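Undergrad: Next up is a structure, given as C-alpha cells.
The values are calculated or read from the model by the stated rules, or taken from the named source; none is laboratory data. Just so you know, these numbers come straight off a predicted model, no measurement behind them. All Cβ positions, glycine included, derive from the backbone under ideal geometry; neighbour counts span all protein chains shown.
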Ligand code: 9G3
C-alpha cells in the first residue's frame, strides 16, 4: 500500500467527546468516523486490524474444534418469546417490524437462534459434542454508548456455542475454549487475566471473564499477586471478618443525631468507629424492597444482593419508597423494626457485631447498643460485600490487589438453561431423551482492538503489537524528490512485500517530520527510513516503535533484521 493512496484522514485536534485514549487516537489516526452514538465507520486501517484479530480468533476456534457458520442478525421475536426473554430485555434490545407488522430484533446475542437451529438438526448423542461459532455484528442499545469501540451499540463479536451430552462433556468444551482464549489474547500481544465472574441472569457457577488490564477499564477486578486467584469484584468472595466489639448488656437506646445521615457524619457525631455501625441500603426489585445490611466500613455489592434474592432487576430504592413502604427515613434507615415490611439480607460480617449503632427508622435518630439476633433477625445472611484491596486472598491468604479491566471475552457454562427452555434434546446411547448441555463463549473483536490501544500507546500515538498492526513496516524515503532515494524505497518496498511482510510505502511529498509523526501516531511496529546515508553508505535506518531503538543496518541485511524484530514485537 502507498501512503499517497491510503484513505486515513488524520486529525490534528480530537473532538472533546473522545474521553479515552483509544478513541482519541483512532480519531486522530484516521481510523474511525462516527455515524451515530456508538455506531462507527471502520476506516481501512481499522478494518485491517480487525481482520487480523479475526484471523487469530478463527485459527484458534477452528483448532479447538469449532465450526464457523453465520447466523442472521435480524431475529424473529418468536424465538425470544419461547425463552421468555423478549420481555426481560427492555430498551437495550433494538426492535423492528417487517412490512407485515411481524416483530424482530437485531441480535444482541444468539443463544435462542443457535439452540433452535441445533434442536431441529441434532437428534443423536453421536452428533455431540458440537461447537458452532460466528463472527458477526451485535446490537445492544446502550444507554450511554461511549469510549469509541469500547462500548458501542453495534460491535463485532465472535460467539461460539458448545453442545455436549453431559456436564463432563461441557467441562471439556469449556476448558478448550478457556485455553483457546488464553492463546488468542497472548497472540494479540495483550496483558490479560481470566477472572472468576458472576453468571448474571444466566446464573450457573462456571463463568470467567477475560480482562485486559488497563486504567480505563470499566470493570473492577481483584487479583492475588501470589496465586492464580482473580475475580470480577462483583463476584469476589468476601471473608467473614471478626469484629473487635464486646456484647453489651445495655438495652437498645435511641439517640438524637440531628441531620447526621452518612456513616462519616454519624461516627464523627457519636464518636464510634465505622466498624461498630450497621449500614442499611434499600433496593427495589421486582419482588419488592430489599434492605441490605453491612458493617459501616464495608461496601454492599448489589450484584451479590441481586443473586441472593434472585432478582432480575435491582436498583436503589428512593426516599419515597423508604417512606411509604418502610415507614422510615432515608439516612436513618436501620434493621430494627423492619421485620415483615421487606426482605432483610445481612452481610455475614454484620452478625459478628456487638453494641452496634444503626438508624432508628425515625428522623434524626439512631440506636445504640444494637445486638444482631437479639434486636433484629435478617431473612438471609451471606457474603454481600465488595471485596477491597488488602483483604486476604480466599485461596492463599495473601493480600489482594485491585486493578481495572476491559472485558474482552467471556466464557459461560449454560448447562441446560436454553436446551430445556427450547426443548433441544438428543437420544442418548440407551435411547433416553436428554437436554443438551451447553456453553457459550464470546470475544469482543472490536473491543479487543480498542483494548490493545489502551494498553499499548504513548504520547506519540499507538504502539501496535506486530501480530495485529495495520501494517508491520513503514518504508519512509526522506526526500521523495530525490529519484535515487525513491528508487531504493521502491526496491525495499517490493522486497518486503515479496517476503510476505505487510508493508506501507510513504511516497507522499511531505517533509520527513510529518511522515515520522504519522508513522508514530498510527503505530507501525517498524519504520525504515532511507536518507542520504542509505545511498552514500549503503545503510538503512530501522526504528522500533515500541522502544524507540534505532539501528543502522547494511542494505544487504535489513530484511533479516526486520523479520527478527517483528518476531519479537
Ligand atoms: C439481550 C440484550 C443484551 C444482552 C443479552 C440479551 C448480554 C444477553 C448475555 C450474553 C451471554 C453470552 C453469547 C456470547 C457470550 C456472552 N447482554 N447478554 O444475553 F437481549 Cl438486549 O450475551 N452470549
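Undergrad: Do we find that residue 117 is closer than 28 Å to residue 151 by Cβ and either within 11 Å of the ligand (Cβ to nearest atom) or surrounded by fewer than 18 Cβ atoms within 10 Å (Cβ to Cβ) (or both) in this structure?
TA: no
Undergrad: Can you tell me which residue within the range 436-455, out of those that are touching a helix residue (DSSP H, G or I) at 6+ places or on another chain (Cβ under 9 Å) and assigned to a strand (DSSP E or B), is nearest to residue 46 (Cα to Cα)?
TA: 444
Undergrad: Taking the condition closer than 30 Å to residue 423 by Cβ and touching a strand residue (DSSP E or B) at 6+ places or on another chain (Cβ under 9 Å), does residue 64 pass?
TA: yes
Undergrad: Just for the range 11-33: of the residues that are surrounded by fewer than 17 Cβ atoms within 10 Å (Cβ to Cβ) and touching a strand residue (DSSP E or B) at 6+ places or on another chain (Cβ under 7 Å), which one is modelled with the lowest pLDDT?
TA: In this case the residue turns out to be 19.
Undergrad: When you go through 465, 477 one by one, which is the residue that is in contact with a helix residue (DSSP H, G or I) (Cβ under 8 Å, 6 or more places away or on another chain) and under 21 Å from residue 4 (Cβ atoms)?
TA: 477
Undergrad: Can you tell me how many residues within the range 480-500 are in contact with a helix residue (DSSP H, G or I) (Cβ under 8 Å, 6 or more places away or on another chain), modelled with pLDDT of 95 or more and under 19 Å from residue 8 (Cβ atoms)?
TA: 0
Undergrad: What pairs can you find where one residue is in the range 154-168 and farther than 21 Å from residue 420 by Cβ and without any contact (Cβ under 8 Å) to a residue 24 or more places away in the chain, the other is part of a strand (DSSP E or B) and away from the ligand (no atom under 14 Å from the Cβ), and their Cβ atoms are less than 9 Å apart, with a gap of 6+ or different chains?
TA: Close Cβ pairs (under 9 Å, with a partner that is part of a strand (DSSP E or B) and away from the ligand (no atom under 14 Å from the Cβ)) do not exist here.
Undergrad: Of the numbered conditions (1) at pLDDT below 95; (2) touching a strand residue (DSSP E or B) at 6+ places or on another chain (Cβ under 6 Å); (3) more than 30 Å from residue 118 (Cα to Cα), residue 199 satisfies every one except a single condition; which is it?
TA: (3)
Undergrad: Here's something else I'd like to know. Quick check on my filter: what residues within the range 404-435 are part of a helix (DSSP H, G or I) and within 14 Å of the ligand (Cβ to nearest atom)?
TA: Scanning the range 404-435 gives 417, 418, 421.
Yes/no matrix, rows are residues, columns are (1) touching a residue at least 60 places away in the same chain (Cβ under 8 Å); (2) more than 10 Å from the ligand (Cβ to nearest atom); (3) farther than 24 Å from residue 450 by Cβ:
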position	(1), (2), (3)
58	yes, yes, no
76	no, yes, yes
80	no, no, yes
89	no, no, yes
94	no, no, no
111	yes, no, yes
123	yes, yes, yes
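Undergrad: Can you name every residue in the range 263-298 that is part of a loop (DSSP other than H, G, I, E, B) and under 25 Å from residue 382 (Cβ atoms)?
TA: Selection gives 273, 286, 287, 296, 297, 298.
Undergrad: Pull up the range 530-564, narrow it to residues that are free of Cβ contacts under 8 Å to residues at least 60 places away in the same chain, under 21 Å from residue 459 (Cα atoms) and surrounded by 12 or more Cβ atoms within 10 Å (Cβ to Cβ), then point me to the one that is nearest to the chain's Cα centre (by Cα).
TA: My answer is 544.
Undergrad: Restricting the search to the range 133-148, which residues are touching a strand residue (DSSP E or B) at 6+ places or on another chain (Cβ under 7 Å) and more than 11 Å from the ligand (Cβ to nearest atom)?
TA: Across the range 133-148, the qualifying residues are 135, 137, 145, 148.
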